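As structure tokens, the structure follows; a few thoughts come after it.
The values are calculated or read from the model by the stated rules, or taken from the named source; none is laboratory data. Only a predicted model underlies this, so the values are computations on that prediction, with no experimental measurement involved. Note that we place each Cβ from the backbone using ideal geometry, even for glycine, and neighbour counts take in every protein chain shown.
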Amino acid sequence: MLRLGTHSYPDQRLLVMAIINRTPDSFYDRGATFADDEALAAVDVAVGQGADIVDIGGVKAGPGDTVDLSEELRRTVSFVAAVRSRHPEVVISVDTWRAEVGRAVCAEGADLLNDAWEGHDPQLAEVAAEHQVGLVCTHAGGQVPRTRPHRVRYRDVVADIVTTTTGLAERAAALGVPRDSIIIDPGHDFGKTTGQSLAATAATDQLVATGWPVLMSLSRKDFVGETLGVQDPAERLTGTLAATAVTAWLGARVWRVHDVTSTRQVLDMVAAIRGDVPPLTAVRGLA
């Protein structure tokens with residue numbers, strides 16, 4: 001059972017996490033949800049399309065203009081409060097590596113802290129424990145936040161992912177983060193070549209076997225583009241959905257996405273093929 005906010009999800013339930021970027025320089029949406037009104041409208045649309053979680057981020061993952069603590073707080077804290085007031089039932093996640101941001105957004109109603117940078121600030125897990133919220137523990141190959149990988153090598157990338165993420169998860173649990181609210185993420189593209197991200201995808205079942213719920217952040221990423229020879233992120237949806245279907249079949253639980261409706265349909269189809277849910281309509285050949 002996975003518990004996030006006021007919700008408890010059985011193991012068969014596959015969850016969609018909608019990306020809401022409060023940044024002017026996102027690699028995909030180029031600032032489309034930087035302004036408050038546009039961002040709130042995007043949350044409304046995502047929830048209406050079936051998103052279980054909204055993931056709010058105030059700092060672009062890749063290199064770019066410096067975003068100091070005060071600016072990240074400005075972009076996220078009041079917005080979290082507004083989303084919590086507008087959508088009291090949705091699970092609110094905040095994508096941050098800074099403990100100060102984590103503490104401030106939890107005070108406004110965040111349910112999950114999405115640490116994409118491998119515990120770069122070890123106090124972030126302490127904040128999650130203090131507020132009894134969930135935590136995403138991600139493999140980033142030891143990279144400093146907002147840096148790109150350069151000539152990355154691992155003896156065994158899958159083993160490194162498993163060891164790192166489970167170690168972070170166990171540390172978080174020991175600090176007091178609820179065990180049933182901890183998620184691990186292999187960190188596609190973070191500290192990885194395209195080949196290493198593909199290996200992590202193929203090894204989804206090994207992460208699932210650890211017993212921790214697994215999050216996949218695949219959406220329109222460079223490893224998809226390089227695999228298919230597609231430079232423009234706007235053209236990477238097909239590859240993203242293929243990777244989504246594979247990782248769903250192998251047992252992942254949560255997908256962080258730009259495209260809620262398409263992802264929801266893929267996950268529902270996989271769940272139906274596995275026999276976890278029935279078809280919404282099943283009259284063909286029966287009527």
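Might you let me know whether segment 184-197 holds any residue that is assigned to a strand (DSSP E or B), buried (at least 22 other Cβ atoms within 10 Å of the Cβ), in contact with a Leu (Cβ under 9 Å, 6 or more places away or on another chain) and not hydroxyl-bearing (S, T, Y)?
Yes, because at least one residue in segment 184-197 is assigned to a strand (DSSP E or B), buried (at least 22 other Cβ atoms within 10 Å of the Cβ), in contact with a Leu (Cβ under 9 Å, 6 or more places away or on another chain) and not hydroxyl-bearing (S, T, Y).
Taking the condition of being crowded, with 17+ Cβ neighbours inside 10 Å and in a loop (DSSP other than H, G, I, E, B), how many residues in segment 86-99 meet it?
Final tally of qualifying residues: 5.
Against the condition of a type in the set (D, E) and buried (at least 24 other Cβ atoms within 10 Å of the Cβ), how does D180 come out, does it pass?
So D180 fails the test.
Filter segment 210-232 down to the residues that are part of a loop (DSSP other than H, G, I, E, B) and in contact (Cβ under 8 Å) with a residue 24 or more places away in the chain and list them by number.
The answer is T210, W212, P213, S217, L218, S219, R220, K221.
May I ask you to verify whether L135 is crowded, with 23+ Cβ neighbours inside 10 Å, under 28 Å from V67 (Cα atoms) and out of contact with any helix residue (DSSP H, G or I) (no Cβ under 7 Å at 6 or more places or on another chain)?
no
Output the qualifying pairs, or none if there are none: Cβ atoms under 9 angstrom, residues six or more apart or on different chains, first residue in segment 60-77 and under 19 Å from D37 (Cα atoms), second residue charged (D, E, K, R) and at pLDDT below 95.
Taking only residues 6 or more apart or on different chains, the pairs are E72/R22; R75/R22; T76/R22.
Let me spell it out: the conditions are (1) under 25 Å from L218 (Cβ atoms); (2) buried (at least 19 other Cβ atoms within 10 Å of the Cβ), and V144 meets all of them except one. Which number is the exception?
(2)
Only one of these is at pLDDT 95 or above and on the phi < 0 side of the Ramachandran plot: G102, G176. Name it.
Being at pLDDT 95 or above and on the phi < 0 side of the Ramachandran plot holds for just one of G102, G176, which is G102.
Determine, yes or no, whether T165 is modelled with pLDDT of 95 or more, touching a His at 6+ places or on another chain (Cβ under 7 Å), crowded, with 18+ Cβ neighbours inside 10 Å and in a helix (DSSP H, G or I).
Taking the combined requirement at face value, the residue satisfies it.
How about segment 13-57: which of its residues are under 16 Å from T263 (Cα atoms) and of a type outside the set (A, V, I, L, M)?
Correct list: R13, G48, Q49, G50, D52, D55.
Which count do you get for residues in segment 105-132 that are farther than 24 Å from T163 by Cβ, crowded, with 24+ Cβ neighbours inside 10 Å and either among the small types (G, A, S) or at pLDDT below 95 (or both)?
Residues meeting the conditions: 1.
Would you please name the residue that is farthest from the chain's Cα centre (by Cα), looking only at residues in segment 233-281 that are in a loop (DSSP other than H, G, I, E, B) and more than 24 Å from D95 (Cα to Cα)?
Per the criteria, the residue is T281.
Going by the conditions given, is V83 of a type outside the set (F, W, Y), modelled with pLDDT of 95 or more, surrounded by 14 or more Cβ atoms within 10 Å (Cβ to Cβ) and not in a helix (DSSP H, G or I)?
So V83 fails the test.
Scan segment 6-49 residue by residue and report those that are crowded, with 21+ Cβ neighbours inside 10 Å, in contact (Cβ under 8 Å) with a residue 24 or more places away in the chain and either among the aromatic types (F, W, Y) or assigned to a loop (DSSP other than H, G, I, E, B) (or both).
L14, R22, T23, S26 - these are the residues of segment 6-49 that are crowded, with 21+ Cβ neighbours inside 10 Å, in contact (Cβ under 8 Å) with a residue 24 or more places away in the chain and either among the aromatic types (F, W, Y) or assigned to a loop (DSSP other than H, G, I, E, B) (or both).
Any chance you could count how many residues in segment 59-80 are of a type outside the set (D, E) and at pLDDT 95 or above?
Result for segment 59-80: 12.
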